[in-house]
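Enquirer: What follows is a structure written as structure tokens; I'll ask about it next.
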2 protein chains.
Amino acid sequence: MDSRDYGRPLTPGRGSRNESTRQHNLSLLLSLVHHHPQISRAELTRMTGLNRSTIGALVADLVDARLVVEVAALSGNVGRPSPRVTAHPGIAAVAVNPDVDAIIVGLVGMGGVVLDRKRIPLPELPSPEQTVQIAADATRDLLAAHPEIIRIAGAGAAVPGLARPLDGVITRSPHLNWYEIPYAEMLEDALQTPAYIDNDANVGLLAEAVFGAGRNLSTYFYMNGSASGIGGAIIAGGTVLRGADGYAGELGHTVVDSNGPLCHCGRHGCLETEVQYARLKDAAAPHELVFGDLANSLADIDNGAVAEEIDRQVELLAGAIASHMSVFNPEAVILGGFLGGLFERRGEELRQRVKDLAFAPLADELVLERDSIGEDLLLVGAAELAFAPLLDNPLGG
Amino acid sequence: MDSRDYGRPLTPGRGSRNESTRQHNLSLLLSLVHHHPQISRAELTRMTGLNRSTIGALVADLVDARLVVEVAALSGNVGRPSPRVTAHPGIAAVAVNPDVDAIIVGLVGMGGVVLDRKRIPLPELPSPEQTVQIAADATRDLLAAHPEIIRIAGAGAAVPGLARPLDGVITRSPHLNWYEIPYAEMLEDALQTPAYIDNDANVGLLAEAVFGAGRNLSTYFYMNGSASGIGGAIIAGGTVLRGADGYAGELGHTVVDSNGPLCHCGRHGCLETEVQYARLKDAAAPHELVFGDLANSLADIDNGAVAEEIDRQVELLAGAIASHMSVFNPEAVILGGFLGGLFERRGEELRQRVKDLAFAPLADELVLERDSIGEDLLLVGAAELAFAPLLDNPLGG
DNA sequence: GTGACTTGGTTGTGAATCGCAACTTTTGTA
DNA sequence: TACAAAAGTTGCGATTCACAACCAAGTCAC
């Protein structure tokens with residue numbers, strides 16, 4: 001049996017003209033270079049299936065456009081060494097992530113390398129106008145410190161809250177106390193470069209998808225536990241599942257206990273109201289927990305009431321994961337934030353409970369992972385938002 | 001703000017060669033003809049954005065391949081009338097749907113027209129071998145009665161149970177008592193044509209997506225209530241969400257009441273164990289309900305215990321829908337089977353409760369619909385499975 | 001170290017495909 | 001009946017890729 005047609009679009013698209021081929025191939029090459037830091041022309045030939053003469057011409061176009069550079073080949077194999085193609089070191093994107101107590105601005109090169117970052121602490125909740133102004137100043141400073149940057153692909157922002165990537169409006173961010181803010185437009189005006197936004201869970205997932213734990217997967221979901229709740233994001237068939245407005249992915253509002261407390265979403269016993277960092281902290285008191293290193297800071301006190309709370313949260317998390325397993329049939333589930341910490345301390349128990357609670361064939365080969373990028377996750381992901389249009393159409397137009 | 005890049009693939013694909021353009025455009029044209037029964041060449045030109053000389057050449061290719069025919073133009077507008085292009089009337093697919101008490105075999109033309117069907121009742125649960133043999137006999141009869149059919153695109157089967165479209169294996173169908181059956185392969189051997197399978201919910205959704213309630217939507221989900229349970233299927237970004245093995249879409253196993261009875265999936269209080277046709281039937285007894293016309297057969301007895309049961313099911317269904325709304329942020333939700341009947345009787349209540357229980361921005365413009373194709377749903381959908389490869393690559397290869 | 005071998009870049013030619021402009025056909029309208 | 005509008009048809013040119021022949025640069029065996 002040959003392989004079946006998976007995920008074919010059901011609604012006809014647009015006609016393909018002759019130039020579409022070129023654009024598609026250039027996009028493909030630039031994306032491969034972006035994903036693989038030092039890929040050789042020979043590897044590009046193999047991975048695309050195109051003729052090597054074609055690859056030569058396409059790479060030359062990208063070099064002319066100052067999007068990539070060719071560097072000396074590595075020897076070691078028989079045959080003529082193939083020059084390596086890397087992203088042009090002068091291309092970068094600006095990541096601008098507002099948070100409750102600071103603004104984090106980063107300069108990220110192609111290939112997902114964070115070149116520089118600035119964290120500007122704020123005494124109080126910032127207004128959108130303030131953050132945009134601060135971001136513009138910080139960007140100017142960063143660019144002044146990096147004269148090698150010849151081109152800014154755009155700006156990206158990870159928003160803690162509901163955001164509409166399509167029109168760049170932040171629908172609501174209770175943490176920032178922002179509602180219906182045309183943030184992308186404001187950023188574009190201040191930074192004089194195209195700006196893109198998305199919610200923080202999608203942005204984190206994007207980074208993991210391109211450079212992290214999701215590199216070789218095409219269907220999986222990501223659950224991220226922050227101090228303020230549980231965010232989710234989904235990759236289905238190799239693309240971020242965004243839904244009609246970009247609000248898709250709220251995996252923290254699965255009902256895990258109908259007797260639980262009322263959630264702000266209107267239902268009772270959502271995962272987010274039951275599995276909380278605050279509850280772990282309370283159970284651990286007076287011991288202090290380190291959010292970024294939860295597993296280790298739990299290690300010494302994992303008994304009694306603390307162990308009980310961990311077990312309770314693992315059980316409820318397993319129920320939610322099992323529920324989503326039936327819906328998505330993913331290749332893997334990636335856990336971040338304090339959920340990653342829980343997974344580190346109770347990996348086998350969690351895996352076993354998901355298996356118990358899910359349809360057998362679905363969890364047979366369940367892969368649970370923790371996220372792998374770490375501190376710069378949201379900077380890399382936000383930059384990725386800005387790189388996307390360039391990757392899709394390298395020579396513009 | 002220009003429109004943002006939605007659902008771009010994150011993993012680079014293959015290189016596009018010159019012929020890819022042709023294949024893409026032929027596929028696009030044939031798909032448009034398939035979707036629109038009598039489309040004119042001028043409309044094809046407008047919808048694809050291609051030059052009219054190109055459309056002329058492409059249509060000529062499809063005519064040569066006996067995939068479409070050109071029929072007389074309709075006049076009435078100024079200017080030279082444009083010939084209409086329709087699917088060749090001699091192209092069909094065979095739909096072979098096994099069920100517990102019968103096998104339904106249908107001959108479906110391009111454009112989703114059911115040309116003929118046969119229902120072969122069975123005295124007992126059939127074995128896979130039996131159904132395949134019966135399907136082959138029935139197909140021979142149907143083809144004998146339809147000498148105009150010059151080409152069979154393939155065979156498709158809607159399977160009541162878990163199926164893997166990728167390798168054509170039925171993982172498990174408790175209703176049929178079939179486990180790990182290489183059904184597509186068996187059908188291919190018996191019918192001597194490529195065969196494709198998928199679970200019945202996905203097949204139903206496919207029909208609705210191409211010819212029914214989902215025609216103009218790109219993100220929505222479908223919940224179908226049968227006598228034996230609740231099936232689900234999802235369209236995200238214009239494609240069927242299938243997951244790693246094709247098992248995705250089990251929307252019937254959302255927890256709606258964690259105090260409820262144990263479900264066969266391992267959890268308590270799944271939607272499927274709480275919202276059941278059998279419970280409606282019991283509440284209505286001694287009145288008889290008509291499954292296919294539930295709303296009408298409930299009309300006269302919608303009070304007392306029956307009304308209470310309906311209300312209860314509507315409330316739980318609303319909870320499940322609201323939960324999925326947060327995950328998918330769909331443009332619409334389509335209800336089929338007895339869930340469609342519940343919707344007909346309690347449309348406004350259901351809509352209101354979903355709004356109450358979902359995040360506000362998500363349900364603001366909620367569209368609830370019932371499925372629209374009716375009796376032939378699974379025949380049309382199963383045929384669609386078989387047409388897909390032809391639509392993707394009309395001239396073969 | 002020398003020559004065979006292998007891998008891969010380079011160049012020129014040919015084929016596929018689409019757009020475009022000019023021309024023709026067919027209809028409706030004044 | 002003349003004219004305008006819409007759309008099919010035809011020939012030409014541009015773009016893009018594959019292919020084959022050739023050349024370059026490394027490894028490997030002796």
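The values are calculated or read from the model by the stated rules, or taken from the named source; none is laboratory data. None of these values were measured; they are calculated from a predicted model. Because the Cβ atoms are built from the backbone with ideal geometry, glycine has one as well, and the counts that use them run over all protein chains shown.
Enquirer: I'd like to check which strands (runs of 3 or more DSSP E) are fully inside region A:186-255 and have at least 2 residues that are facing chain B (nearest Cβ under 8 Å).
Expert: In region A:186-255, the matching strands (runs of 3 or more DSSP E) lie at A:229-236.
Enquirer: Which one of A:V69, A:V59, A:V113 is β-branched (V, I, T) and within 24 Å of the chain's Cα centre (by Cα)?
Expert: A:V113
Enquirer: Right, another one. Within region A:135-146, is even one residue more than 25 Å from A:H24 (Cα to Cα) and within 16 Å of DNA strand C (Cβ to nearest atom)? If you could, list the steps in order and put the result at the bottom.
Expert: Filtering region A:135-146 for residues more than 25 Å from A:H24 (Cα to Cα) gives A:135-146.
Remaining after also requiring within 16 Å of DNA strand C (Cβ to nearest atom): none.
There is no residue in region A:135-146 that is more than 25 Å from A:H24 (Cα to Cα) and within 16 Å of DNA strand C (Cβ to nearest atom).
Enquirer: Oh, and also: Only one of these is touching a residue at least 60 places away in the same chain (Cβ under 8 Å), touching a strand residue (DSSP E or B) at 6+ places or on another chain (Cβ under 8 Å) and assigned by TED's automatic domain parsing to the domain that holds B:Y222: B:V327, B:V333. Name it. Give the steps one after another, and end with the answer.
Expert: Values: B:V327 fails: touching a residue at least 60 places away in the same chain (Cβ under 8 Å).
The match here is B:V333.
Enquirer: Please state which one of A:L316, A:L289 is surrounded by fewer than 24 Cβ atoms within 10 Å (Cβ to Cβ) and either under 19 Å from B:G319 (Cα atoms) or in contact with a strand residue (DSSP E or B) (Cβ under 6 Å, 6 or more places away or on another chain) (or both).
Expert: A:L316 is the lone residue from the list that is surrounded by fewer than 24 Cβ atoms within 10 Å (Cβ to Cβ) and either under 19 Å from B:G319 (Cα atoms) or in contact with a strand residue (DSSP E or B) (Cβ under 6 Å, 6 or more places away or on another chain) (or both).
Enquirer: Taking A:P126, is it surrounded by fewer than 16 Cβ atoms within 10 Å (Cβ to Cβ), away from DNA strand C (no atom under 16 Å from the Cβ) and either modelled with pLDDT under 95 or more than 14 Å from chain B (Cβ to nearest Cβ) (or both)?
Expert: It is false that A:P126 is surrounded by fewer than 16 Cβ atoms within 10 Å (Cβ to Cβ), away from DNA strand C (no atom under 16 Å from the Cβ) and either modelled with pLDDT under 95 or more than 14 Å from chain B (Cβ to nearest Cβ) (or both).
Enquirer: Oh, and also: Taking region A:323-341 on its own, how many of its residues are outside any loop (DSSP other than H, G, I, E, B) and facing chain B (nearest Cβ under 7 Å)? Give the derivation first.
Expert: Going residue by residue through region A:323-341, those that are outside any loop (DSSP other than H, G, I, E, B) are A:323-328, A:332-341.
Then keep just the ones that are facing chain B (nearest Cβ under 7 Å); that gives A:323, A:326-328.
Summing the residues that are outside any loop (DSSP other than H, G, I, E, B) and facing chain B (nearest Cβ under 7 Å) in region A:323-341 gives 4.
Enquirer: State all residues of region A:247-267 that are out of contact with any helix residue (DSSP H, G or I) (no Cβ under 6 Å at 6 or more places or on another chain) and surrounded by fewer than 17 Cβ atoms within 10 Å (Cβ to Cβ); if no residue qualifies, say none.
Expert: A:N259, A:L262, A:H264 - these are the residues of region A:247-267 that are out of contact with any helix residue (DSSP H, G or I) (no Cβ under 6 Å at 6 or more places or on another chain) and surrounded by fewer than 17 Cβ atoms within 10 Å (Cβ to Cβ).
Enquirer: Step by step: first the residues of region B:9-44, then only those that are more than 9 Å from chain A (Cβ to nearest Cβ), of a type outside the set (A, V, I, L, M) and free of Cβ contacts under 8 Å to residues at least 60 places away in the same chain, then the one that is surrounded by the most Cβ atoms within 10 Å (Cβ to Cβ). Which residue is that?
Expert: Across region B:9-44, the extreme among qualifying residues is B:R41.
Enquirer: Only residues that are over 23 Å from A:G13 (Cβ atoms) and within 8 Å of DNA strand C (Cβ to nearest atom): list them for region B:32-79, please.
Expert: B:A73, B:S75, B:G76, B:N77, B:V78, B:G79
Enquirer: Moving on. Looking only at region A:150-163, count every residue that is surrounded by fewer than 24 Cβ atoms within 10 Å (Cβ to Cβ) and at pLDDT 95 or above and tell me the total.
Expert: Residues flagged as surrounded by fewer than 24 Cβ atoms within 10 Å (Cβ to Cβ) and at pLDDT 95 or above within region A:150-163 amount to 5.
Enquirer: What do you reckon, is B:V114 closer than 25 Å to B:A383 by Cβ, within 13 Å of DNA strand D (Cβ to nearest atom), touching a strand residue (DSSP E or B) at 6+ places or on another chain (Cβ under 9 Å) and away from chain A (no Cβ under 14 Å)?
Expert: no
Enquirer: Still on this structure, please answer the following. Hey, does region B:85-103 have a residue that's under 24 Å from B:A42 (Cα atoms), within 16 Å of DNA strand C (Cβ to nearest atom), in a loop (DSSP other than H, G, I, E, B) and not small (G, A, S)?
Expert: The answer is no, given that none of the residues of region B:85-103 is under 24 Å from B:A42 (Cα atoms), within 16 Å of DNA strand C (Cβ to nearest atom), in a loop (DSSP other than H, G, I, E, B) and not small (G, A, S).
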